[in-house]
1. How large are Rg and Dmax for segment 45-159 when calculated on the C-alpha trace, in angstrom?
2. When N is the residue count of segment 91-195, what does its C-alpha Rg come to as a fraction of 2.2 N^0.38 Å?
3. So for segment 268-312, what percent of the C-alpha to C-alpha distances run longer than 17 Å?
4. Can you give the Kirkwood hydrodynamic radius for segment 140-208, in Å, rounded to one decimal and based on Cα pairs?
5. If I stretch the segment between Asp126 and Phe114 completely, what's the gain in nm (0.36 nm per residue apart, minus their alpha carbon distance), one decimal?
6. Per the Kirkwood formula on distinct C-alpha pairs, the Rh of segment 3-238 is how many angstrom?
7. Positive end of the charge dipole of the chain (Lys, Arg +1 and Asp, Glu -1 on Cβ, about the Cα centre): tell me which of Tyr57, Ala81, Thr130 has its Cα farthest that way.
8. Pop the C-beta distance of Leu247 and Asn166 into the FRET formula with R0 = 41 Å and round what comes out to the nearest 0.05.
Amino acid sequence: MKVTEHLEQNDKTVFSFEVIPPLKGHSIDEIFNAIDPLMEFNPPFIDVTYHREEYVYKKRPNGLLEKRITRKRPGTVGICAAIINRYKIDAVPHIICGGFSREETEDALIDLNFLGIENVLALRGDAVKTEGMFYPEENGNANAKELIKQIVDMNQGIYLDDELHNPKPSNFCIGVAGYPEKHFEAPNLEADLSYLKEKIDAGGSYIVTQMFFDNQKFFDFVKACREIGITVPIIPGLKPLTTQSHLSVLPRIFHIDIPQDLVKEVQKCKSKADIIQVGIEWSVQQSKELIAFGVPCLHFYTMGRSNATRKIAEQLF
Ligand code: FAD
């Protein structure tokens, strides 16, 4: 079933979350161990992230460095199939532009379609870690809007090979990313919102936001979206803060602010357990306000660790 259908069918706020594929060489049990404790809260769908290639440098016997390309977290499509098979719920694979030609993207979408997967979250992806800027692949999509157009084409039976005879259309529901605190590359929030509107006009059916710790930023974002004619469901993304280092790591990686009240609470903590407790309480309070605001779904970034999310969900669902 499509994410939008799940949201329409439920009058209450539903629970969902995102998992990341295990590192190469690790077992799928890591994913199951992260998902199992959260299943009692009835997530209608689970997102699985996608990870582009990284460059690593290996020293050769002659002392020269050899540049190698590696994908450290492959397996998104297989993990989605395993989730559907084991839990009988929907899986939402993330599809990214970065590192893929349009042909490779089409092949991945064909696999997903054959597996009966009806949802994708369409993203541009970030730059390669060692490169400062995002560069699309040759013949790859340059941004999420172009990727959405490719998926919409497939939904209309238009494949890249225009000589196909009577090709079957796919039927993907397309989610997109939104940034209550602005995407870091956008010149300003207004411009970012206008690009978000372009993604929805191109075929995006719902928005999942970047994590945020200040609900007012989300409320303002929703208001601004509605004012420019974005009418699709907007799902808030939440991450429980669990370590002292999150105070600097999360702003650096995700370009978000952490409210001073939360910073002060974390700084008062005497132990790791205290910090986890502060993070849980903050997230529960955020969630309660968001539910009262009428959000269709609370979407948690578990990053492969479900303990804190479970403790939050226990108090809400
Ligand atoms: P886009 O919507 O393409 O926007 C990228 C930038 O370009 C923005 O600054 C936007 O304002 C600007 N822009 C858009 N259109 C135009 C235009 N026409 N002209 C000029 N500028 C324009 N990354 C992964 O690698 N794997 C994942 O699984 C993953 N999952 C994510 C899930 C969520 C919910 C979120 C919020 C992010 C996720 N990311 C993931 C990170 C995401 O890939 C990065 O934030 C990326 O930098 C932007 O992706 P996007 O789809 O928002 O890009």
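1. 16.1, 54
2. Values: Rg = 14.7 Å, N = 105, 2.2 N^0.38 = 12.9 Å.
It is 1.14.
3. Details: 381 of 990 pairs.
Of all Cα-Cα pairs in segment 268-312, 38 percent lie more than 17 Å apart.
4. Working: mean 1/r = 0.0758 Å⁻¹.
Taking every pair of different Cα atoms in segment 140-208, averaging 1/r and inverting gives 13.2 Å.
5. Numbers: separation 12, 0.36 × 12 = 4.32 nm, distance 2.77 nm.
Length difference between fully extended and current span is 1.6 nm.
6. Working: mean 1/r = 0.0523 Å⁻¹.
Kirkwood hydrodynamic radius for segment 3-238: 19.1 Å.
7. About the Cα centre, the residue reaching furthest to the positive side is Tyr57.
8. Working: r = 57 Å, r/R0 = 1.38.
Rounded to the nearest 0.05, the efficiency is 0.15.
The values are calculated or read from the model by the stated rules, or taken from the named source; none is laboratory data. These numbers come from a predicted model, not from an experiment. Backbone-built Cβ (ideal geometry, glycine too); neighbour counts: all protein chains shown. Only protein heavy atoms, including side chains, enter the accessible area calculation; ligands, DNA and RNA are left aside. Shrake-Rupley method; radii C 1.70, N 1.55, O 1.52, S 1.80 Å.
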